[in-house]
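Novice: One structure, as structure tokens, below. Some questions next.
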Amino acid sequence: MDLRLTVDLPRDLDRMNTLRHVLDGALAGLGVDEQKRTDIGLIVSETWANVITHIRVGVAFQVRATVDEKACVIEVTSPPDFPDALLPSEPSLQVVSTLADTIDVGGDGLLLRVVKHL
């Protein structure tokens with residue numbers, strides 16, 4: 001099993017909800033249990049909430065989800081003009097850190113990598 005999903009999201013709630021639903025459906029189809037799918041959905045939501053507090057309307061950021069037999073990896077890339085969008089001290093990323101097995105922010109603050117073991 002190997003799933004890769006990459007989307008460029010504008011600062012738009014409807015598109016984020018679509019991403020959550022697509023990812024949840026794919027995880028359900030792969031047999032991932034409901035609690036882990038719920039955690040992953042919250043990770044996506046909280047990460048998105050963190051990014052949109054720092055970027056303006058119309059600016060897009062990238063979300064990548066990779067799933068294999070062992071883990072779901074969510075990677076979020078912030079636009080270069082907004083390096084503070086993924087700071088681990090933000091409250092929403094503190095929520096993410098309680099749900100995830102690991103969370104790493106790239107040295108330049110532009111990439112967030114979250115791992116949830118399945």
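Novice: Of the residues 66, 38, 47, only one is within 19 Å of residue 6 (Cβ to Cβ), at pLDDT 90 or above and among the polar types (S, T, N, Q); which?
Specialist: Working: 38 fails: within 19 Å of residue 6 (Cβ to Cβ); 47 fails: at pLDDT 90 or above.
Residue meeting the stated conditions: 66.
Novice: Filter the stretch 69-94 down to the residues that are at pLDDT 85 or above and hydrophobic (A, V, I, L, M, F, W, C) and list them by number.
Specialist: Taking the stretch 69-94 as the starting set, the residues that turn out to be at pLDDT 85 or above are 69-75.
If the condition is that a residue be at pLDDT 85 or above and hydrophobic (A, V, I, L, M, F, W, C), then 71, 72, 73, 74 are the ones that fit.
Novice: Taking residue 55 as meeting all but one of (1) modelled with pLDDT under 90; (2) in contact with a Cys (Cβ under 7 Å, 6 or more places away or on another chain), write down the number of the exception.
Specialist: Tallying (1) modelled with pLDDT under 90; (2) in contact with a Cys (Cβ under 7 Å, 6 or more places away or on another chain), residue 55 fails exactly one: (2).
Novice: Right, something else. Hey, could you check the stretch 95-109 for residues that are at pLDDT below 85 and touching a strand residue (DSSP E or B) at 6+ places or on another chain (Cβ under 8 Å) and say which is most open to solvent (accessible area, probe 1.4 Å)?
Specialist: 105
Novice: I need every pair where a residue in the stretch 57-80 that is closer than 13 Å to residue 106 by Cα has its Cβ under 6 Å from the Cβ of a residue that is modelled with pLDDT of 75 or more and of a type in the set (S, T, N, Q), sequence separation at least 6 or different chains.
Specialist: Correct list of pairs: 76/47; 77/62.
Novice: Of all the residues that make up the stretch 26-53, how many are among the basic types (Lys, Arg) and out of contact with any helix residue (DSSP H, G or I) (no Cβ under 7 Å at 6 or more places or on another chain)?
Specialist: Taking the stretch 26-53 as the starting set, the residues that turn out to be among the basic types (Lys, Arg) are 36-37.
The next check asks that each one be out of contact with any helix residue (DSSP H, G or I) (no Cβ under 7 Å at 6 or more places or on another chain); those that pass are 36.
Total meeting the criteria: 1.
The values are calculated or read from the model by the stated rules, or taken from the named source; none is laboratory data. All figures in this text were calculated on a predicted structure; none of them were measured in a lab. In this analysis, Cβ positions are derived from the backbone assuming ideal geometry, glycine residues included, and neighbour counts consider all displayed protein chains. Accessible surface areas use protein heavy atoms only, side chains included; no ligands, DNA or RNA. Shrake-Rupley method; radii C 1.70, N 1.55, O 1.52, S 1.80 Å.
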